[in-house]
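Input: a single structure, listed below in structure tokens.
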Amino acid sequence: MLRYFIIRLLEMLPKLLIISIIIFFALQMIPGDPVMRSMPYEVYSRLTPEQIETIRENLGLNAGKAEQYVRWLGNILQGDMGYSLKTRGSIAESIAARLPASLELAGLGLLIATTFGLLFGYTAAMKKNTPIDYSLTTAGMIGLSMPEFFLGLCLIVIFALNLGWLPTGGRLAYGQANIWDRLYYLILPAVSLGVTYIATLMRYTRASMLEVLTKDYVRTARSKGISETEVNIKHGFRNAMIPVITIIIFRLPMLVSGTVVIEIAFNYPGMGSLLINAITALDLPLVMNCALIIAFVILMCSFLLDIVIALLDPRVTFAGRGSE
């Protein structure tokens, strides 16, 4: 098992290296002077050519692109992500302040989506071609077709503005720091984020359950006199979860990086809004590091997927997968 984990982790290193090269050199192709982007135009227009050259030298822009990349990657490996061109603040500190907020939002959204998606999907499969099945399927289609930002605005109007039960946005009020205070601000954005995924997981769970229940080993379990509930849960639901878990895990990076609309709608200070602000301001050092963090999350999700499937599927062995 340990050998399998190590092999999968080592396979991530060249992938992450290639991704970092693509991110760096792709962003270097953006037109414009990095010095001009780092300050207001009014300030830049008053600089002399000598002053501009001095700033370029201090920023390391006079070196070749390859040398700049090696320096950037080396600094990251040492824990130094550099400084924002706009705010002049530490990029590592900005990401450290925003990433936990996005992880909280994504985690709660995933918990809501997984709980209700699996429950509704299992129920729809067990009640196939009944009014319950049709109702859940219809609700799922509505959930899939409803944009997240529209649902978020509806929830703000109903529960924040009209009823006054929950805040319209933000993360914490002054003097509030514990998990229950954060949960109060997380409910609306997390529900808005999770509804679409509830519909997706419900459809996958229903389809996977119906497929598994037709397998020979399920019919064999029934022929042994095992109760229908035990057959459905132990032999049906467990095996149906393998493709569903694949969907869940690969939704993780989308939840972390794809919360941009929700964060903007609820004025929530997460990674999504940080990345959007950096792109709008053409703050390339911040964009590069945010993109690399997101790529790392995606690779970790892929690694987690391999591990979970190997643990759930008895047909997969660590030795076999590790030696491929």
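Quick check: is even one residue across region 170-180 under 20 Å from the mean Cα position of the chain (by Cα) and modelled with pLDDT under 85? Yes, that holds for at least one residue. Scanning region 36-85 for residues that are among the small types (Gly, Ala, Ser) and surrounded by fewer than 12 Cβ atoms within 10 Å (Cβ to Cβ), we see that the one that is farthest from the chain's Cα centre (by Cα) is Ser45. Restricted to region 91-117, and to residues that are among the β-branched types (Val, Ile, Thr) and either free of Cβ contacts under 8 Å to residues at least 60 places away in the same chain or over 21 Å from Arg206 (Cβ atoms) (or both), which residue is surrounded by the fewest Cβ atoms within 10 Å (Cβ to Cβ)? Filtering region 91-117 for residues that are among the β-branched types (Val, Ile, Thr) and either free of Cβ contacts under 8 Å to residues at least 60 places away in the same chain or over 21 Å from Arg206 (Cβ atoms) (or both), the one surrounded by the fewest Cβ atoms within 10 Å (Cβ to Cβ) comes out as Thr115.
Counting only helices (runs of 4 or more DSSP H) wholly contained in region 1-48, no element carries 3 or more residues that are among the polar types (S, T, N, Q) and closer than 19 Å to Ile294 by Cα. Of all residues assigned to region 223-231, none qualifies as being modelled with pLDDT of 85 or more and either farther than 26 Å from Pro269 by Cα or small (Gly, Ala, Ser) (or both). Would you mind stating whether Val218 is free of Cβ contacts under 8 Å to residues at least 24 places away in the same chain, β-branched (Val, Ile, Thr) and in the same structural domain as Tyr268 (by TED's automatic domain parsing)? Answer is yes for this residue.
For the condition within 22 Å of Thr246 (Cα to Cα), in contact (Cβ under 8 Å) with a residue 12 or more places away in the chain and assigned to a helix (DSSP H, G or I), Ala139 does not qualify. Restricting attention to region 97-116, does a residue exist that is closer than 25 Å to Ile21 by Cβ, touching a Phe, Trp or Tyr at 6+ places or on another chain (Cβ under 9 Å) and either among the hydroxyl-bearing types (Ser, Thr, Tyr) or in a loop (DSSP other than H, G, I, E, B) (or both)? Checked against the condition, which is being closer than 25 Å to Ile21 by Cβ, touching a Phe, Trp or Tyr at 6+ places or on another chain (Cβ under 9 Å) and either among the hydroxyl-bearing types (Ser, Thr, Tyr) or in a loop (DSSP other than H, G, I, E, B) (or both), region 97-116 yields no hits at all. The residues listed here are Gly170, Gly121, Gly143; of these, the one that is in the same structural domain as Val260 (by TED's automatic domain parsing), over 30 Å from Val231 (Cα atoms) and crowded, with 19+ Cβ neighbours inside 10 Å is Gly143. When region 17-33 is filtered for residues that are more than 15 Å from Ile279 (Cβ to Cβ) and surrounded by 14 or more Cβ atoms within 10 Å (Cβ to Cβ), the ones remaining, listed by number, are Ile19, Ser20, Phe24. Between Leu85, Leu73, Leu105, the distinction of being modelled with pLDDT of 80 or more, within 30 Å of Gly32 (Cα to Cα) and of a type outside the set (Lys, Arg) belongs to Leu73 only. Within region 117-135, the residues that satisfy the criterion of being farther than 15 Å from Thr196 by Cβ and in a helix (DSSP H, G or I) are Leu118, Leu119, Tyr122, Thr123, Ala124, Ala125, Met126, Pro131, Ile132, Asp133, Tyr134, Ser135.
The values are calculated or read from the model by the stated rules, or taken from the named source; none is laboratory data. Small disclaimer: the values here were computed from a predicted structure and weren't measured. No Cβ is skipped: glycine too gets one built from the backbone with ideal geometry, and neighbour counts run over all protein chains shown.
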